[in-house]
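Heads up: the structure comes next, in structure tokens.
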Amino acid sequence: MSLLPDFEFITMGFWSFGIGAAVVGILIANTDYFLSKTDKATLEYLEQIELKTIGDEPRTFKAKELWEKNGAVIMAVRRPGCFLCREEASGLSAIKPQLDQLGVPLYGVVKEKIGTEIDDFQPFFKGELFHDEKKLFYGPQTRKMMLIALIRLGVWQNFRRAWKDGFQGNLEGEGLILGGMFVVGAGNQGVLYEHREKEFGDKANLTAILEAARKINKHNADEDK
């Protein structure tokens, strides 16, 4: 009696199990269950972060200087050379005239200074950039997206959207640590809007940013003096 049919049956069973496990794994990977999480950033946390100006003679200062008088919209840039980050920066730059009317400045922080990456990013981002050497604007808990990005449908949809709109980039620098967006009120008003990038290309909502910027109370800054 031949054992071949039994062997084929077992092989098919393992093959079916493997395919099933892979499908389940892909489905789970496309939920938010395994995504990195962090606590919301408090004003007390953000205001003590040390930033550096970008130039030949960098000046170190506390981040609270950015929003103390007029509040601020701040982008924590994942990687200046990333075409998805350039896409988001362009969207922010498009609403800068409205922010200017509100008297709210637009800033960005980067975690690296590599070659001409910051200069190359500037055409996409119309605000002033600063160096966050300790990567604290990417906290309180640093979050990374690893190989799971390759099987997330949302990431590929974001890639397609940015490519379709003509954005290009490079692979220079660290790009796994996820970025975010903050709207911080004047003085001690606090964090009015916070967006944490959950996957590559997960952009902040521009309408929500403007709504938060309109809530900035500059009288707060005078009262805190």
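The values are calculated or read from the model by the stated rules, or taken from the named source; none is laboratory data. Owing to the predicted nature of the structure, the values given are computational and were not obtained by experimental measurement. Note that each Cβ is placed from the backbone with ideal geometry, even for glycine, and that neighbours are counted across all protein chains shown. Only protein heavy atoms, including side chains, enter the accessible area calculation; ligands, DNA and RNA are left aside. Shrake-Rupley method; radii C 1.70, N 1.55, O 1.52, S 1.80 Å.
Here are some notes:
- Residue 58 vs. criteria farther than 19 Å from residue 195 by Cα and in a loop (DSSP other than H, G, I, E, B): yes
- Within region 216-225, the set of residues being in a helix (DSSP H, G or I) and either open to solvent by 60 Å² or more (accessible area, probe 1.4 Å) or at pLDDT 95 or above (or both) comprises 219, 222, 223.
- Residue tally, condition surrounded by fewer than 17 Cβ atoms within 10 Å (Cβ to Cβ) and either in contact with a His (Cβ under 9 Å, 6 or more places away or on another chain) or within 21 Å of residue 131 (Cα to Cα) (or both), over region 187-215: 3
- Test: residue in region 190-204 that is farther than 23 Å from residue 38 by Cα and modelled with pLDDT under 95: no
- Condition met for residue 125 (crowded, with 16+ Cβ neighbours inside 10 Å, in a loop (DSSP other than H, G, I, E, B) and either modelled with pLDDT of 95 or more or on the phi > 0 side of the Ramachandran plot (or both)): yes
- When region 35-66 is filtered for residues that are open to solvent by 90 Å² or more (accessible area, probe 1.4 Å) and within 19 Å of residue 218 (Cα to Cα), the ones remaining, listed by number, are 44, 65.
- Checked against (1) surrounded by fewer than 17 Cβ atoms within 10 Å (Cβ to Cβ); (2) in a helix (DSSP H, G or I), residue 118 passes all but a single condition, namely (1).
- Any hit, region 72-94, residues being of a type in the set (A, V, I, L, M), open to solvent by 20 Å² or more (accessible area, probe 1.4 Å) and either more than 19 Å from residue 121 (Cα to Cα) or touching a His at 6+ places or on another chain (Cβ under 9 Å) (or both): no
- Residue that is nearest to residue 105 (Cα to Cα), among those in region 181-215 that are aliphatic (A, V, I, L, M) and part of a loop (DSSP other than H, G, I, E, B): 186
- Apart from one condition, residue 184 fits all of (1) surrounded by fewer than 18 Cβ atoms within 10 Å (Cβ to Cβ); (2) under 20 Å from residue 68 (Cα atoms); the exception is (1).
- Applying the set (1) at pLDDT 95 or above; (2) open to solvent by less than 60 Å² (accessible area, probe 1.4 Å) to residue 145 leaves exactly one unmet item: (1).
- Filter result for residue 160 (among the basic types (Lys, Arg), open to solvent by 30 Å² or more (accessible area, probe 1.4 Å) and closer than 27 Å to residue 117 by Cα): yes
- Under the condition of being free of Cβ contacts under 8 Å to residues at least 60 places away in the same chain and either within 20 Å of residue 140 (Cβ to Cβ) or of a type in the set (Lys, Arg) (or both), the residues counted in region 43-66 number 6.
- Residue match in region 166-180 (condition: closer than 26 Å to residue 210 by Cα, open to solvent by 20 Å² or more (accessible area, probe 1.4 Å), touching a residue at least 40 places away in the same chain (Cβ under 8 Å) and outside any loop (DSSP other than H, G, I, E, B)): no
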